[in-house]
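Enquirer: Here it is, the structure, as structure tokens.
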Amino acid sequence: MFSRRLTVIIENHANKSSFHFGGEWFESGGWQDSRASTICEHTTLEFESKIMLQGVSGYAYYHTKDHAHNFIIAFSCPITTACCFTARATSSLPDCQALWSAVPDLSRPGAGLRRAEGCAWETLDLLDEHVTVRCIILPADDSVKLGEEMEKRLGKARWCRSTISEGDGHSTVQAPRATTLVDRQLILEIDNRSEENFVFDGQWWDSGRWAQAPVPRIPKTSVSRLEFSGEEIFRGLSAVIWFVNESGLDMYFSFVFSNPLAGDGCFNAWAGSPPAELLQELYAAPSVGQQQGVQVIPGRGCAWNIIEQGPVMHVRLVILQELAAMDLTCYPPQPPTQPKSEAPPPDIPSAKQQPQQQQDSQQQQLASPRDPQVSLEQPGTPSSSSEKLADFENAVLAATSDEEEIRIYSSDAAPPSPSLVAEVIKDFVSDQFHQQEDLEVLRSPSPRKRSRSPRGSMRMEFL
């Protein structure tokens, strides 16, 4: 279910010449058993996937001993999309990578032949896990007869879509997409508008790889295409890549990216002066979901736009025309200095002083006498003994002048509680009330020991 196999049955009618193995490249998968080193009159090539959830994709080419004729097949049998196949038999070896990038879908079995230069093919069997293709290498001249039936079929054969090109000579068929169920890709199109040629300088991979060989050079005033893909099951794509200018080695083009299996990917780029810690920028890169529209960040030397998100992340980037060279005196960057904290204004107490001031305020409230007018404004005449006692207490407090204080000391370090103060005052006033009914009794001896303060105020002390 999660594997792919391709069988190519080759009939060689090229003047009875055999072809010898010349080269190969696999985007995924490989040969089923051993590599077929020679293509004779009848040869079968077998390819299969090597990793679960990955298909088989790539190309292989052969040539005659004198290199006068070349034969190449390009194919892609992914897990999730349609199988693709094309072939060529030419006197000169074509661009194999470009041919693989333009490989079209296979036709259904019984749909007839497909033709290309020097060869033709048809689909014999098209199953989910196994595809069988018959490929015919046509003779270069009329010295070999194919038979009347085959001649008729060739006359009705449709040309492969990869042979149809636009006005610029490029094929109209686009490159095959994802080759695994959980594969992740990044396509980066770079429009270098500067006058600097950037050469590949370094890379760091957490997961993934280049889809093809690393691009060695980003030419000036041109458009380049960089492709990356995952190579492990259940792992996405994450890397740091950088290029340096060819002329002075003082300008860099750096970018970081990730395309995980779960969640949004990220992308960030710099042109000109590079960041100090490029690897740290990978972990701090913004999510592509937050990058809406063209991203133009001051001082970056480049701008980009996220064209596509998902399993295939497509980014178009422009390197601006004017770039700033790297200033070595700015590396490493100095950490930002924190401004010294200003002292609080004199009228605003600090956090440590506030509890002490509140405590002093409470002590002052307990030690300071009440306003004499408060007791004088109390209405009514006491009629009972308790009311007389309360009235007497008010009179005592009213008679206490600003120069007299009642201070109560306790043996504890903390100030006495308000309830204790009230009880002491009540006992003191009660004793004096029962002994004398005049306010002068405050200055007569008392059962409690009394002493004068240095400034003449009244002081009460606990014995």
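FYI, it's all coordinate maths here, none of it is from the lab. What you are looking at is a predicted structure, and each value in this text was computed from that prediction instead of being measured. Positions of Cβ are generated from backbone atoms using ideal geometry, with glycine treated the same way; all protein chains shown enter the neighbour counts.
Enquirer: Rounded to the nearest 0.05, what FRET efficiency do Arg134 and Leu328 have when you use their Cβ-Cβ distance and R0 = 56 Å?
Expert: 0.30
Enquirer: Let me ask another. Size of the dipole of region 71-156 about the Cα centre, Lys and Arg at +1 and Asp and Glu at -1 on the beta carbon, nothing else charged, in debye to 20?
Expert: 140
Enquirer: Using Cα pairs closer than 8 Å and at least 6 residues apart in sequence, work out the relative contact order for region 17-63, in percent.
Expert: About 54 percent, as a whole number.
Enquirer: Taking the Cα centre of region 36-113 as origin and charging only Cβ (+1 Lys, Arg; -1 Asp, Glu), how large is the dipole, in debye to the nearest 20?
Expert: 80
Enquirer: Another one. Output wanted: per-residue J couplings in Hz (rounded whole) for region 254-266, from phi through Karplus 6.51 cos²θ - 1.76 cosθ + 1.60, θ = phi - 60°, x for Gly and Pro.
Expert: So the Karplus estimates, Gly and Pro as x, are 10, 8, 10, 7, 8, 9, x, 6, 10, x, 7, x, 9 Hz.
Enquirer: Can you list residues whose amide H is under 5 Å from Ser194's amide H, if they're 5+ apart or on another chain and H is modeled 1.01 Å from N?
Expert: So Ser194 has HN proximity to Thr221.
Enquirer: Let's see if you can work this out: charge +1 on each Lys and Arg Cβ, -1 on each Asp and Glu Cβ, no other charges. What is the dipole magnitude of region 201-285 about its Cα centre, in debye to the nearest 20? Numbers along the way, then the final one.
Expert: Values: 5 positive and 10 negative charges, 55 e Å.
Taking the Cα centre of region 201-285 as origin, the dipole is about 260 debye.
Enquirer: So for each of 32-41, 282-291 I average, over its residues, the number of other beta carbons within 10 Å; can you give me the resulting order with the highest mean first?
Expert: Order by mean packing, descending: 282-291, 32-41.
Enquirer: What are the residues whose amide H is under 5 Å from the amide H of Val312, where those residues sit 5 or more places off or on another chain and H is modelled from the backbone?
Expert: Placed amide hydrogens put Gln185 under 5 Å from Val312.
Enquirer: Additional query: Starting with the highest mean, order 152-163, 101-112 by the number of other Cβ atoms within 10 Å, averaged over the residues of each peptide.
Expert: 101-112, 152-163
Enquirer: Let me ask you something else. Taking K and R as +1 and D and E as -1, what net charge do the other residues with C-beta under 12 Å from the C-beta of Trp159 add up to?
Expert: +4
Enquirer: If you stretched the chain out fully between Arg209 and Gln32, how much longer would it get, using 0.36 nm times the residue separation minus the C-alpha to C-alpha distance? It would help to have the intermediate numbers written out before the result.
Expert: Values: separation 177, 0.36 × 177 = 63.72 nm, distance 2.35 nm.
Length difference between fully extended and current span is 61.4 nm.
Enquirer: What GluC sites (Glu not before Pro) does region 270-324 have in DSSP loop regions with at most 10 other beta carbons within 10 Å?
Expert: Glu322
Enquirer: Return the distance in nm (one decimal) between the two label points of a simple spin-label model at Glu117 and Ile51, each offset 7 Å from Cα along Cα→Cβ.
Expert: Once both label points are built, they end up 3.4 nm from each other.
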